[in-house]
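**Student:** Below you will find the structure I want to go over with you.
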Amino acid sequence: MQIVDPPGKSLALGALNAVILFPQSTSRLVAFEKDVAGLTLFKRMAIALSRAGVVNIQVVDHDLAETERKELVRELQSDSRFEGHVSWAKDPLGDWTERWSRSPCLLVRGPSIIFPDTLKAFIRSEDTQEALEKDQAAQLRLTGSGLAPLWIAPRGRADLLRQWLKGENLNPAVSSLPGDRHYFSLVQTISQLRVAEKKYISLHRHHYHQAMDIWFNSIFSLRLSALFVKTRVTPNQLTLFGLVIGIVAGYCFSRGDYAGGLVGGILLALTAIWDCCDGDVARLKFMQSDFGERLDTACDNLINVFIFTGMMLGVARVEGLQSALIPFSMLAVGGFAIFCLIYFPGGGKGAGFKDSPMHDVVMVLASRNFIYVILLFAVFGKIEAFLWLAGWGSLAFALILFIAWRNTKAPVRS
């Protein structure tokens, strides 16, 4: 057995394995040099596999020199986004196939772009699990796209692995996934790579849950994100810059005139678009983190504070302090209660209502969609009316949330 192993790493057996086969026709430029949304295709494949639960990756390639292989392995193993072990087989049909088949093994033929969620769904699908139980291989099929060059071989079937490496038919079962939400694309040329990259980025709109994000904000945010992923800008930097935009919007509202309100409304709408970009970049570059999620939540709420404080100051400048302070105080009390009820029960946004009919209502009303309501009021020069509406509305919503929360905590009587 001849395997290029990085120093200080030992192969973990018993976990999900994967083999990436680059045929002799593979373009070195496409597979190892050109970027797809900020990462080389090879690195993107390896990280996607590791995010899907693959621990050991074996690469079979016929063209790269030994020094190039070692450099690729070193670079990947030193990347904190990759959690696994990668090695390079010099002998495609060597003894390593016996060791690799001790666990179920994903088989990927050719340079490909794939969602980690697609890999997970393929592995966990009923069709795949049924095939593995029958000691049979399974192959991915995406509706509308046909069969993909992705298989999974059951544990202990080194013979299937060798057949696959020779290009022989495994007679696999077919595991189907919806092609509108899952993605796998074999890429062999630069032109194919660019087309696949564009579709790969556009399909990230399915990660959005709010209506305005899906149907409006994503039109702009995904175009911006496609540019950001090619730079060194991090998702957290984008989040902080979104906070700056929100602060400027709050200042515009504090001017109290029509132009200030309109510009503030437009900038606030821009924060909604911008707020999608940090998540897009994090997913596209595998940079999601708990800290990033907490920072995003904190900045979103700080933007709300600056916006409503700016509105209060603007209304006070025109109508007097009393006309502004009363609705602002109502909004502050209601908003604080809503924040506590949504976030403090633990488990994330809206977790306290997860098993109740109120959960969907909470997620809609506590979303960014209200930003466009503010913009509409700003267009008609009715910021004071919105402040009163927000004050009464927040108190009413807080009361409804409290009653719903109490009901979810109440013991069930038989």
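Nothing in this text is a laboratory measurement; each read-out follows from the coordinates by a stated rule. All values derive from a computational prediction rather than experimental measurement. Cβ placement follows ideal geometry from the backbone for every residue including glycine, while neighbour counts extend to all protein chains displayed.
**Student:** According to the Cα gyration tensor, what semi-axes, each the square root of 5 times an eigenvalue, does the equivalent ellipsoid of the range 208-409 have, listed from largest to smallest in whole Å?
**Tutor:** Result for the range 208-409: semi-axes of 27, 24, 13 Å.
**Student:** Determine, at each q value in 0.22, 0.23, 0.28 (inverse angstroms), the log₁₀ of I(q)/I(0) that the Debye formula gives when each Cα of the range 100-167 is one equal point scatterer.
**Tutor:** For the range 100-167 at q = 0.22, 0.23, 0.28 Å⁻¹, log10 I(q)/I(0) is -0.99, -1.08, -1.41.
**Student:** Related question: If you project the alpha carbons of the range 3-199 onto their three principal axes, what span does each projection cover, largest first, in Å?
**Tutor:** 41, 39, 30
**Student:** Which listed residue (I247, F286, M311) has the Cα farthest towards the positive end of the charge dipole for the range 208-409, taking +1 on Lys and Arg C-beta and -1 on Asp and Glu C-beta about the Cα centre?
**Tutor:** F286
**Student:** If you find the alpha carbon centre of the range 192-259 and of the range 281-343, how far apart are they in angstrom?
**Tutor:** The range 192-259 and the range 281-343 have Cα centres separated by 19 Å.
**Student:** Can you compute the charge dipole magnitude of the chain about its Cα centre, using +1 on each Lys and Arg Cβ and -1 on each Asp and Glu Cβ, nothing else charged? Give it in debye, rounded to the nearest 20.
**Tutor:** Here the size comes out at about 120 debye.
**Student:** Taking 37 °C and 0.692 mPa s as the conditions, I'd like the Stokes-Einstein D for the range 261-316 in µm²/s, using the Kirkwood hydrodynamic radius from alpha carbon pairs.
**Tutor:** Value of D from the Cα-based Kirkwood radius: 259 µm²/s.
**Student:** Quote the relative contact order of the chain in percent (integer), defining contacts as alpha-carbon pairs under 8 Å separated by 6+ residues.
**Tutor:** It rounds to 13 percent for the chain.
**Student:** In whole Hz, with x marking every Gly and Pro, tabulate ³J(HN,Hα) for the range 25-36 from phi via Karplus 6.51 cos²θ - 1.76 cosθ + 1.60, θ = phi - 60°.
**Tutor:** Listing the rounded values in order: 7, 5, 6, 4, 4, 5, 6, 10, 10, 6, 8, 10 Hz.
**Student:** Can you divide the C-alpha Rg of the range 42-109 by 2.2 N^0.38 Å and report the result to two decimal places?
**Tutor:** Rounded to two decimals, the normalised Rg is 1.09.
**Student:** Which whole-Hz couplings ³J(HN,Hα) result when phi for each residue of the range 63-72 is put into the Karplus expression 6.51 cos²θ - 1.76 cosθ + 1.60, θ = phi - 60°, listed in order with x for Gly and Pro?
**Tutor:** 10, 6, 6, 4, 5, 5, 4, 4, 5, 5
**Student:** A follow-up question, please. Skipping prolines and chain starts, which residues have an amide H placed within reach, meaning under 5 Å, of the one on V187, given they are 5 or more residues away or on another chain?
**Tutor:** S112, I113
**Student:** While we're here: What residues qualify as long-range amide H neighbours of W88, i.e. H under 5 Å apart, gap of 5 or more or another chain, H built at 1.01 Å from N?
**Tutor:** So W88 has HN proximity to V4, V59.
**Student:** Pick from W88, W388, W274: which residue has the top mean-square fluctuation in a GNM of the chain where Cα pairs under 10 Å get a spring?
**Tutor:** Fluctuation is largest for W388.
**Student:** Let me ask another. Using Cβ counts within 10 Å as a stand-in for footprinting exposure, how do K285, K382 rank, fewest first?
**Tutor:** Values: K285 20, K382 14.
Least crowded to most crowded, the residues run K382, K285.
**Student:** Pairs K166/K285; K230/K382; K90/K198; K70/K134; K34/K120: which exceed 32 Å Cα-Cα? Let's see the in-between values first.
**Tutor:** Values: K166/K285 34 Å; K230/K382 41 Å; K90/K198 34 Å; K70/K134 38 Å; K34/K120 26 Å.
Too far apart for the 32 Å limit: K166/K285; K230/K382; K90/K198; K70/K134.
**Student:** In whole Hz, with x marking every Gly and Pro, tabulate ³J(HN,Hα) for the range 228-241 from phi via Karplus 6.51 cos²θ - 1.76 cosθ + 1.60, θ = phi - 60°.
**Tutor:** Ordered by residue, 3J(HN,Hα) equals 5, 5, 8, 10, 8, 5, 9, x, 5, 5, 5, 4, 5, 5 Hz.
**Student:** Can you order the peptides 295-303, 370-378, 150-158, 317-325 by their average number of other Cβ atoms within 10 Å per residue, highest first?
**Tutor:** Highest mean packing first, the order is 150-158, 370-378, 295-303, 317-325.
**Student:** Under the rule of at least 5 residues apart or a separate chain, name every residue whose amide H is placed under 5 Å from the amide H of A148.
**Tutor:** It is L140, R141, L142, by chain and number.
**Student:** Another question about this same structure. Just to be sure I understand: of the beta bridges DSSP finds with both ends in the range 3-199, what percent are antiparallel, rounded to 5?
**Tutor:** So the antiparallel bridges in the range 3-199 amount to around 40 percent.
**Student:** What angle, in degrees between 0 and 90 and rounded to the nearest 10, separates the Cα long axis of helix 321-343 from the longest principal axis of the Cα atoms of the chain?
**Tutor:** With rounding to tens, the tilt is 30 degrees.
**Student:** At 20 °C and 1.002 mPa s, grab the translational diffusion coefficient of the chain from Stokes-Einstein with a Kirkwood Rh over Cα pairs, rounded to a whole number in µm² per second.
**Tutor:** Details: Rh = 24.3 Å.
For the chosen part, D equals 88 µm²/s.
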